[in-house]
1. So if I take the centroid of the Cα atoms in region 229-306 and the same for region 172-189, what is the distance between those two points in Å?
2. Run the numbers on region 250-301 and let me know its relative contact order in percent, using alpha-carbon pairs under 8 Å that are six or more apart.
3. Which shape class applies to the chain: rounded if a/c is under 1.5, otherwise prolate when a/b exceeds b/c and oblate if not, where a ≥ b ≥ c are the square roots of the Cα gyration tensor eigenvalues?
4. Which residue, PRO218, ALA254, THR305, has the largest displacement toward the positive end of the dipole of region 197-327 when charges sit on each Cβ (Lys, Arg +1; Asp, Glu -1)?
5. Using a 10 Å cut-off around each Cβ, can you sort LEU233, LEU290, LEU4, LEU137 from fewest to most neighbouring Cβ atoms?
6. Got a sec to turn the phi values of region 181-191 into Karplus ³J(HN,Hα) couplings, 6.51 cos²θ - 1.76 cosθ + 1.60 with θ = phi - 60°, whole Hz, x for Gly and Pro?
7. So how strong a dipole does the chain carry about its Cα centre when Lys and Arg Cβ are +1 and Asp and Glu Cβ are -1, to the nearest 20 debye?
8. Quick one: work out the % antiparallel among DSSP beta bridges in the chain, nearest 5.
Amino acid sequence: MSVLQIGAGGVGGVVAHKLAMNAGVFGEITLASKTLSKCEEIAKSVLEKTGIKITCKSVNADHVEELIALINEVKPKVVINVALPYQDLSIMQACLRTKTHYLDTANYEHPESAKFEYKEQWAFHEAYKEAGIFALLGSGFDPGVTNVFCAYAQKHYFDEIHSIDILDCNAGDHGYAFATNFNPEINLREVSSKGRYWENGEWIETEAMEIMQVWDYPEIGKRDSYLLYHEELESLVKHIKGLKRIRFFMTFSANYLNHMRCLQNVGMLRIDEVEHNGEKIIPIQFLKTLLPDPASLAGRTIGKTNIGCYIKGIKEGKEKTIYIYNVCDHQECYKEVNSQAISYTTGVPAMIGAKLIMEGKWGGRGVFNMEELDPDVFMEELNTQGLPWKVLEL
Ligand code: NDP
């Protein structure tokens, strides 16, 4: 019995600790990433905190043949992809060729266009089905737990769901003038893109940060929240019956937005190559070099996150509204696994998805999004693995 994790960044650190804390289910744990020393650093902390030894390997996950060789060596039941969205297709390809189950936390993005969609990953469905293997897409928090919250609400609280607002509030303070909570390139590409939501069967596009609404978050309070496009919207419109509208909101401080607009205005968020002193550089990648490493925010971030789904619909002929959510404390995450809450809330669900695959509780033939599986077992795991949730009936 064994598991292979690819990616040793902020999220990867959490996944490795959580795999080790559930070593009875996962057996041998192998952690592979581009830079071996980053894997070894995580392995050291895992050993100190849990007494579990994990094996480290280096791999370039852009190369399918290299991945196949690694999978054949480790022989994992499931590959957990917590590298970057750019590697999704090559890792899915390697899993297909070796008939190994696959899991990730973010959908494929092409490095040259800030466009993220499931099309190319869903295109693996028939091949995975034929090979008899299972791919679980988006097993982080959002996407991930938010999809499971919707499936749980559909199963236990509603006959019909009419509207969903996914709310993502980070009230953490890291004390820097500007930093991103996860990979800056992925984060800034997402936030500076146009907004989009779905209503009455149509996608409606907005300018970036055009729609702002103040939401009142339990245990945090009122916060300015901005409408963004987020990838779980694409699968949820397919799978939640009777849905009329779905939107996604994320909180940003005025300070964060001022910095982002300024960086955008001077061209630092560009994702195309520019010539600089005779060398070609991509401005957003250079910016990533300058900004604090998200993993380094861990020890210094205080405050909480609140991420949940505000859902309206009908039960037994009556209108009903619920808010189903988790609150996570940055410092508690640091104490447990040396991480801040953004990486923690992504890494724990990635481990849970993999655990359910290992135990045979979640599975199937083909490529699946989270809301297509039975939410109850996942919801139980959230309560015991560090992400307890609540339902408010409003
Ligand atoms: P980081 O940038 O901190 O880590 C990425 C890791 O992937 C690094 O260890 C990096 O190695 C490794 N990597 C990059 N390219 C390759 C490659 N070609 N081959 C092998 N390894 C590679 O990112 P995060 O940990 O913050 O995020 C990880 C994933 O989680 C991302 O896909 C992100 O989008 C997703 N995410 C999902 C969320 C959700 O709720 N669903 C929320 C937050 C993040 P090196 O450092 O050596 O380059």
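Derivation of every value follows stated rules applied to the coordinates shown; laboratory data play no part. Because the structure is predicted, anything quoted here is derived from the model rather than measured. Cβ placement follows ideal geometry from the backbone for every residue including glycine, while neighbour counts extend to all protein chains displayed.
1. One Cα centre to the other: 8 Å.
2. Working: 27 pairs, mean separation 11.3, N = 52.
Contact order relative to length: 22 percent.
3. Note, shape of the chain comes out rounded.
4. Farthest along the dipole direction, towards plus: PRO218.
5. Ranking LEU233, LEU290, LEU4, LEU137 by Cβ neighbours within 10 Å, fewest first, gives LEU290, LEU233, LEU4, LEU137.
6. 7, 9, 2, x, 5, 5, 4, 6, 5, 5, 6
7. Details: 40 positive and 53 negative charges, 121 e Å.
Approximately 580 debye in magnitude.
8. Details: 49 of 79 bridges.
Here the share of antiparallel DSSP bridges comes out near 60 percent.
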